[in-house]
Amino acid sequence: MSKSDYLSALSKALAGLPPDTVAKTLAYYEQRFIDGLAVGRSEAEIAQELDEPRKIAMTLRANAHLHAFEEKRSPANLARMAMSFLGLAVFNLFMVVPAVVYSSMLMALYATAFAFTSAASPSRPAVWPAPMNWC
């Protein structure tokens with residue numbers, strides 16, 4: 001993903017937030033691209049290390065709703081804040097569950113490989129039954 005693609009996706013995701021928040025967020029992430037390019041990294045590498053634009057927008061929305069609830073404690077602000085945090089939790093759940101499944105499968109593969117290599121290790125000779133003495 002290029003810098004312009006990332007920033008346009010972020011701008012679309014930030015729709016509906018206060019204009020000053022949108023401007024500050026876009027400036028921050030544009031500066032991240034400028035800093036990364038200055039040290040020799042590509043735009044694709046920089047975009048890959050940054051969070052997904054929807055997640056950034058959801059986090060900012062949740063913070064905005066939390067701030068609104070702190071200023072004026074009303075049932076409507078409480079409901080907005082709860083829904084924002086619930087949406088962010090669901091989004092994070094879809095990011096965490098595949099990572100946990102992948103990690104579990106990788107650990108099972110490592111354990112299986114370790115079991116096979118330790119069972120056939122030359123430093124641990126196989127135990128053979130004693131020869132039968134027929135006499």
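The values are calculated or read from the model by the stated rules, or taken from the named source; none is laboratory data. Predicted model, so just to flag it, every value in this text is computed and none were measured. Cβ: placed from backbone, ideal geometry, glycine included. Neighbour counts: every protein chain shown. Heavy atoms of the whole protein, side chains included, go into the accessibility calculation; ligands, DNA and RNA do not. Shrake-Rupley method; radii C 1.70, N 1.55, O 1.52, S 1.80 Å.
Miscellaneous remarks
- The residues in region 15-67 that are among the hydroxyl-bearing types (S, T, Y) and either within 12 Å of K3 (Cα to Cα) or in contact (Cβ under 8 Å) with a residue 40 or more places away in the chain (or both) can be counted, and the count is 3.
- Top-ranked residue of region 29-74 - restricted to ones that are buried (at least 18 other Cβ atoms within 10 Å of the Cβ) and of a type outside the set (A, V, I, L, M), ranked as farthest from F85 (Cα to Cα): G36
- For the criterion of being of a type in the set (D, E, K, R), out of contact with any helix residue (DSSP H, G or I) (no Cβ under 9 Å at 6 or more places or on another chain), modelled with pLDDT of 90 or more and open to solvent by 70 Å² or more (accessible area, probe 1.4 Å), K12 fails.
- Of the numbered criteria (1) open to solvent by 40 Å² or more (accessible area, probe 1.4 Å); (2) under 22 Å from the mean Cα position of the chain (by Cα); (3) among the hydroxyl-bearing types (S, T, Y), the one T21 fails is (2).
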